1. May I ask you to list pairs of residues, at least six apart or on different chains, whose Cβ atoms are under 7 Å apart, with the first in the stretch 50-64 being farther than 17 Å from Glu149 by Cα and the second being part of a helix (DSSP H, G or I) and more than 10 Å from ligand 1 (Cβ to nearest atom)?
2. Any residue in the stretch 82-100 that is within 13 Å of Leu156 (Cα to Cα) sitting within a Cβ distance under 8 Å of a residue that is assigned to a strand (DSSP E or B) and more than 9 Å from ligand 1 (Cβ to nearest atom)? List the pairs, counting only those 6 or more apart or interchain.
3. Only one of (1) exposed (fewer than 13 other Cβ atoms within 10 Å of the Cβ); (2) in contact with a helix residue (DSSP H, G or I) (Cβ under 8 Å, 6 or more places away or on another chain) is not met by Gln96, so which one is it?
4. Given the conditions (1) within 21 Å of Thr152 (Cβ to Cβ); (2) touching a Phe, Trp or Tyr at 6+ places or on another chain (Cβ under 8 Å), and given that Val70 satisfies all but one, which numbered condition is not satisfied?
5. So Phe90 fits all but one of (1) of a type outside the set (Val, Ile, Thr); (2) out of contact with any Leu (no Cβ under 6 Å at 6 or more places or on another chain); (3) surrounded by 13 or more Cβ atoms within 10 Å (Cβ to Cβ); (4) assigned to a helix (DSSP H, G or I); what number is the exception?
6. Taking the stretch 1-40, which residues are within 14 Å of ligand 2 (Cβ to nearest atom) and part of a loop (DSSP other than H, G, I, E, B)?
7. Being part of a strand (DSSP E or B), at pLDDT 95 or above and away from ligand 2 (no atom under 13 Å from the Cβ): is that true of Val70 here?
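The values are calculated or read from the model by the stated rules, or taken from the named source; none is laboratory data. Just so it is clear, the structure is predicted and the values come from calculations on it, not from any experiment. Glycine also receives a Cβ, built like all others from the backbone with ideal geometry; neighbour counts cover every protein chain displayed.
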Amino acid sequence: MSPLRMVILGRQGSGKGTQSARIADAYGTVHISTGDMLRAAVAEGTELGRRAKAIMDAGELVPDEIMNGVVAERLAKPDVVERGFLLDGFPRTPDQAEALAAICDGTDRPLTVAVNLEVPVDEVMRRMLARGRDDDTAEAIARRLELYEEQTAPLLAWFAERGLLETVDGLGTEDEVFERLRAVIDARLDRAAAG
Ligand code: AP5
Ligand code: MG
């Protein structure tokens, strides 16, 4: 069976990181979280980290040309070529979606599926305030959610037009959500295998 190449979409705090860890474990695919990559760069004090820190704390988006370069480089690595990928936090603008399409479309490594993890705003607010990451301040959360509606939500239609979108209810226990994700991923992998 060909490796899973997936995008997980959904509001901030919807559980993308939580579920991605489980999916990566179950399917052997490489979890690529752009937020985790940026936080690692901040912790290491690299040039990227120095540029990203203030942007992230304010809940703004790191510029597309930087993110597109970071992701293109990561997707070219041998582990990803061999095991596939699960992109979490990318793409989140139309420009980033085009950059991903330029990498995947028309190759023998197309996307398997893009899943929208659907969780209402009041619940994601509750989850993020309980989590308490550096950028989980009321102001930064509000700005991230605003940018989500403006820049990222339109990508749902973009993926749907390409026949790649599945929507999964993200409410319930982590186990319940994972079982739902598993069902849609398995169905898509079967379809891909059937050609
Ligand atoms: P990023 O790290 O992607 O943060 P985010 O978009 O705010 O999303 P989160 O990580 O907060 O949400 P999540 O869906 O992963 O939820 P989680 O699993 O943690 O990005 C951070 C910043 O980096 C951005 O603001 C931007 O500045 C920059 N950036 C990153 N990518 C970029 C890009 N492509 N372009 C430009 N800039 C970029 O779950 C949330 C909480 O809920 C946790 O505490 C969890 O334990 C809990 N939880 C999970 N599942 C459940 C459940 N079923 N029931 C109850 N609680 C649950
Ligand atoms: Mg996350």
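1. So the pair list comes out as Ala52/Ala41.
2. Taking only residues 6 or more apart or on different chains, the pairs are Phe90/Val7; Phe90/Ile32; Pro91/Val7.
3. In the conditions (1) exposed (fewer than 13 other Cβ atoms within 10 Å of the Cβ); (2) in contact with a helix residue (DSSP H, G or I) (Cβ under 8 Å, 6 or more places away or on another chain), Gln96 misses (1) alone.
4. (2)
5. Tallying (1) of a type outside the set (Val, Ile, Thr); (2) out of contact with any Leu (no Cβ under 6 Å at 6 or more places or on another chain); (3) surrounded by 13 or more Cβ atoms within 10 Å (Cβ to Cβ); (4) assigned to a helix (DSSP H, G or I), Phe90 fails exactly one: (4).
6. Our first condition is that a residue be within 14 Å of ligand 2 (Cβ to nearest atom); within the stretch 1-40, this holds for 7-24, 31-40.
If the condition is that a residue be within 14 Å of ligand 2 (Cβ to nearest atom) and part of a loop (DSSP other than H, G, I, E, B), then Gly10, Arg11, Gln12, Gly13, Ser14, Gly15 are the ones that fit.
7. On the way: part of a strand (DSSP E or B): no; at pLDDT 95 or above: yes; away from ligand 2 (no atom under 13 Å from the Cβ): yes.
The answer is no for Val70.
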